[in-house]
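Computed from the coordinates by the stated procedures, all read-outs in this text should not be read as laboratory data. Note that the coordinates shown come from a computational prediction; the quantities given were computed from them, not determined experimentally. Methodologically, a virtual Cβ is constructed for each residue, glycine included, from the backbone with ideal geometry; neighbour enumeration extends over all protein chains shown.
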Amino acid sequence: MISPSGHGATSPSVADPSNSLLFTVNPDRSVGIGWNTTTTLPVPQNVSTLFPAGYTVRSSSSFSQQDNAVVETTNVQYQLPPQIYTQIPYSLVNSINLTATQSGMSGQGTLTISSGLPVQTLSLVYSTSPTKIEANATAQIYFNQNFGTTPFANQTIFQTTWSKTFDNSTWRDTIRAQIQNSTSQALTVTAFDAKATNVDSASATVSIGFVAVPSGSATDFVAAIENTLGASIPSGLDAMIRSALNLVTGESVNLTYTGLTGKLAVQYTTNYVRDLDAQLNSIKNQFFQFVMSLQPVGTITPSEQFLNSTTITVSKISMTSDLDLNAGTSSTTLSGLFIAPPTVGTNTNFTIPGLFQTLGSVPFPAPGISITLSGGSDSSNQVKLGVTSGTPTPSSTTSNSATWTNVSNATVLSNVRFVVQPISSSFFALLLSPTGIAIEAIIAAAVIAAILLYARKRRAKMPVPLSPSGPTPAPGFGPSPAPPTQ
C-alpha cells in the first residue's frame, strides 16, 4: 500500500517525461489527467539546417472561468534565426499584420503585408456570415528586370500573363470550379472578378474580389456541408453539430511579424459559453446515445459505455507546445483535464477498470509509455493506492504515487485500488491521538521542570536575615520568661 503524505503532498515526477501520462485520483473519485509527449516530425535535412538549435516555436494555451464565459487564451511566439530573416528573400518582408474577430458564424478580418518584393503592399479584407463569404484583395506591384521572365519583370510580360489568367473568363471559371469541387460542392462561387489599373512601365494596381454562398437549397453553410454527405449523415446529427458550434460565442486573433527583428507573435482568444463543461457533456452524451442506438444489441463496446458514463471538465486545461524544426520534434504538455469516470466498489474503496480498459483499447507503440498513478487529497481526506496481486510491480514509487514504465497496454492497471482515508487535522483529534497524548506529557513535564527551576533560583537569591549578638534563644513558640529579680 502506498500512503499519501498528506494535504501538502506534491505531484510526483514522471519517470519518462517524453511520453507519459499522470492520473491523480481525488477523494471525490474525479481523476486529473496530465500528459507529456514528444513526436518526431519528418523535417527534410535542407529545412532543419536553416533553423539552428535553440529556436523553437513556443505556444501556450489555457482556459479560465469568467463570470459570463469560459475564455481560452492562446499565445504563439517565435524568434526567427538571424540567418533566416536577414537573408533574401525573407529579409524583404517588412511586416505582416492580421486582425480578425468572429461571433458565431459571422466574422471579419484584415490582413496587411508590406515587403520589398514585387508585391510591395497587399491588403485583404474579408467577412463571413452563415450565408455568405466575401473577400477583397488589393496589391501594388512594381516591375524590376531582375525578376527575369516572371510577370514582375516588366509591363509587357505582366500584361500578357494577366490577359491569359485573371482577365480571362475561361480561366476564372476553371478556378471557380476547382474551389467548388474542393468543398464537395458545399458552396457556390457567385463572384470571382479581377482587374488591373494604373498599369505603366513601373507598376500596376491589382484588385481581386470573391463571393461564395451555400449551394442549392441549403439555408446556411452548415446545411450545405451536411447536404454534401447525402444519405450518409443520419437524422438528428444536425442538432448536435449546431449545438457544438454554438459553444463558441466569440473569437479574436492578432498576428504580427516584424521583419526588422524577425519576431512573430500570435494571440488567439476564444470565448465559450459560461457553462461550457455542462453543455459539452450534454452534447457528448447525446452523441454516444445516438451512436449506440444505431448498433445492434450486444455490439456496444465497453469503451463506448465508459465514455458515455464519464463526465469531463475542460475549463481548467492548460497546455504548452514546442516545435523544434532543427531537431524535427514536437513536444506537448497538458494538465488541468478532469474526468469523473464510473468506478467499481464503494465511495471510499474503489477501482477504475473502465479507464484503463478504454486506454488499453489503443495499444501504445513500442517501447510503450510511462504511466503514473497518484493519490490526491482535499481538506478532509486523502487517497492511497493499493497495488493488488496480478498488477505489475511499479518501476518506482513515492509516498503517494506509483509509476510503471514501458506500458504497452494500460489494461494491466485495471485492478489498482484507491482507498479514501480521513485526514486527522483538527486540534481536538490531535489531542486525543497517541501522538497528541505524548506531546501533552512532554509539555506538562517541561512546565513542571520550569516551575521547579524558577523556584530554586528564586530561593537562592533571597537575602539571609542578620541575627543580634548574644545567646541564641531556645527554640519554642514564644520568648523565654524573664529571669527572677534579685
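Protection proxy ranking for 100-106, 64-70, 324-330, using the average of other Cβ atoms within 10 Å per residue and placing the highest first: 324-330, 100-106, 64-70. For the stretch 122-171, the relative contact order works out to 20 percent when only alpha carbon pairs closer than 8 Å and six or more residues apart are counted. Taking the centroid of alpha carbons for each part, the stretch 41-105 and the stretch 345-374 are 35 Å apart. Each residue of the stretch 31-44 was assigned a 3J(HN,Hα) from its phi angle through the Karplus curve 6.51 cos²θ - 1.76 cosθ + 1.60 (θ = phi - 60°); the sequence is 10, x, 10, x, 9, 10, 8, 10, 10, 8, 10, x, 8, x Hz, with glycine and proline shown as x.
Between 267, 326, 285, the Cα set farthest toward the positive side of the dipole of the stretch 263-347 (charges on each charged residue's Cβ, about the Cα centre) is that of 267. Each of the peptides 77-84, 310-317 was scored by the mean count of other Cβ atoms within 10 Å over its residues; in descending order, highest first, they stand as 310-317, 77-84.
Legend: ranking of residues 72, 134 from fewest to most surrounding C-beta atoms inside 10 Å; resulting order 134, 72. Going from the fewest other Cβ atoms within 10 Å to the most, the residues 319, 240 appear in the order 240, 319. Sum up the charges of everything whose Cβ sits under 10 Å from the Cβ of residue 352, counting Lys and Arg as +1 and Asp and Glu as -1, but leave residue 352 out. Value of the local net charge: +2. Ordering 162, 404 by the number of other Cβ atoms within 10 Å of each residue's own Cβ, fewest first, gives 162, 404.
Computed from backbone phi, the HN-Hα couplings of the stretch 329-338 come to 10, 10, 10, 9, 10, 10, 8, x, 8, 10 Hz, rounded to whole numbers (Karplus: 6.51 cos²θ - 1.76 cosθ + 1.60, θ = phi - 60°; Gly and Pro given as x). For the stretch 111-245, relative contact order (Cα pairs under 8 Å, six or more residues apart, normalised by length) works out to 22 percent.
For the stretch 267-326, the C-alpha radius of gyration sits at 1.61 times the compact-globule guess of 2.2 N^0.38 Å, with N the residue count.
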